[in-house]
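Participant: Dropping the structure in here first, questions after.
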Amino acid sequence: MRGYAQTSRGQVHYRHEGSHGPAIVFFHEAPLSSAIYTPALPLLGRSFRAWAFDTPGHGSSDPPVRPLSIEEYGATMLEAIDDLGIDRFVLAGCHTGVDIGLEVARQAGAERVTHAVLTGVPLLKPEEWEGWLEGVLGGGRDGEAPESWKQVFAPNIELTADGAHMRWAWDRYGRIWAAGSPVELIHMAVMQLLLAGPRYNWMYRAAFAYDPEPALRGLTCPTLLLNAEKDPLAFKDVAVVRLLQDGRRVHLEGLTGQLPWRVPERFTEEIQRFVGAGEVAAV
């Protein structure tokens, strides 16, 4: 099922599965959409009432009129949750979606968030992003260092008559995702980036300016750091778990990311086991 929630910044599109069990809400990584959760949602719907949202400006959600901060993204997504009548919920997010989810949790209050599932927590202060991106992107690069690694990772794009921006988008995922990634997965990611268009990097810019540490320290619910072993942010989970009041880590061996797409069954099982919902919890 797909639908729209009403917010002060326009309509927020979502995908939904499940009619019983705990509510769980998902926030995607930039610049994708709820499409990344498509393989996992039917499985999640057996044990949860699951919603995966498109962040404003992504997927089929209305675009904001200007770049938003993480705090503003969080406020908008909380409006969407409220519009759907969701009271208490499990919160889940990936990368930039973690930041947005943390703001949803902070603004909603501890009594509404029962559990959190965080994948690839960007535990970086604004001044640390350049160094981290250089480490991720700089290996084997010839010539002088660029003026900004943020611009290398998420440059502004213009739509061109010869379609060069489409070729660039395809090549981007060939560089930043693991060699041998399924072509269907890359196609999905490229289509979502192109759908966002010149706004595709607004979520990145918001994340570059956001420090998640205070929100992590304030998270009181049980929290699962569910990540791929080779995710570029996986190493941060050692520090993240120390900030949490009730945190634990599960890293899936041999994987590089995009868990709900690559391993939807395992992704679902780990969440079920953690929350204590559905078939896995009953075993």
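Participant: Report the label-to-label distance for residue 178 and residue 250 in nanometres (one decimal), using points 7 Å from each Cα along the Cα→Cβ vector.
Facilitator: With each label point 7 Å from Cα toward Cβ, the separation is 1.8 nm.
Participant: Top mean-square fluctuation among 81, 70, 176, Gaussian network model of the chain, C-alpha springs under 10 Å?
Facilitator: Looking only at 81, 70, 176, the largest GNM fluctuation is found for 176.
Participant: Report ³J(HN,Hα) in whole Hz for each residue of segment 60-73, in order, from the Karplus equation J = 6.51 cos²θ - 1.76 cosθ + 1.60 where θ = phi - 60°; Gly and Pro get x.
Facilitator: My calculation for segment 60-73 gives 10, 7, 4, x, x, 7, 8, x, 9, 7, 4, 4, 6, 4 Hz in order.
Participant: Another one. Please give the per residue volume of the convex hull enclosing the alpha carbon atoms of segment 94-158, rounded to a whole number of Å³.
Facilitator: It comes to 124 Å³ per residue, whole-number rounded.
Participant: Which peptide among 228-236, 264-272 comes first, and what is the full order, when sorted by highest mean count of other Cβ atoms within 10 Å?
Facilitator: 264-272, 228-236
Participant: Out of every Cα-Cα pair in the chain, what percent are more than 25 Å apart? Working shown, then result.
Facilitator: Values: 17244 of 39903 pairs.
More than 25 Å apart: 43 percent of the Cα pairs in the chain.
Participant: Considering amide H positions built from the backbone, and no H for Pro or chain starts, which residues 5 or more places from residue 23, or on another chain, come under 5 Å of its amide H?
Facilitator: 49, 90
Participant: For segment 1-143, rounded, prolate or oblate, judged on the Cα gyration tensor with a ≥ b ≥ c (square roots of eigenvalues), a/c < 1.5 rounded, else prolate if a/b > b/c?
Facilitator: Numbers: a/c = 1.75, a/b = 1.62, b/c = 1.08.
Judged from the Cα gyration tensor, segment 1-143 comes out prolate (a/c at least 1.5, a/b above b/c).
Participant: With a 10 Å Cβ neighbour count serving as the proxy for reagent exposure, in which order, fewest first, do 2, 46 appear?
Facilitator: Listed from fewest to most nearby Cβ atoms, that is 2, 46.
Participant: Return the single residue from 159, 185, 244 with maximal mean-square fluctuation; model: Gaussian network over the chain, springs between Cα atoms under 10 Å.
Facilitator: Between 159, 185, 244, it is 159 that shows the largest mean-square fluctuation.
Participant: Per residue and in cubic angstrom, what volume does the convex hull of the Cα atoms of segment 171-262 have?
Facilitator: Cα-based convex hull of segment 171-262, divided per residue, equals 121 Å³.
Participant: Next up: What per residue convex hull volume, in Å³, do the alpha-carbon atoms of segment 127-283 yield?
Facilitator: Values: hull volume 24.1 nm³, N = 157.
In segment 127-283, the Cα convex hull volume per residue is 154 Å³.
Participant: OK, next. Rounding to the nearest 10 and keeping the result within 0 to 90°, find how far the Cα-based axis of helix 96-108 lies from the longest principal axis of the chain.
Facilitator: Between the helix axis and the principal axis of the chain, the angle is about 40 degrees.
Just so you know, all these numbers are worked out from the coordinates, no wet-lab data involved. None of the values given here were measured: they were computed from a predicted structure. Quick reminder, even Gly has a Cβ in these numbers, built from the backbone with ideal geometry, and neighbours come from all protein chains shown.
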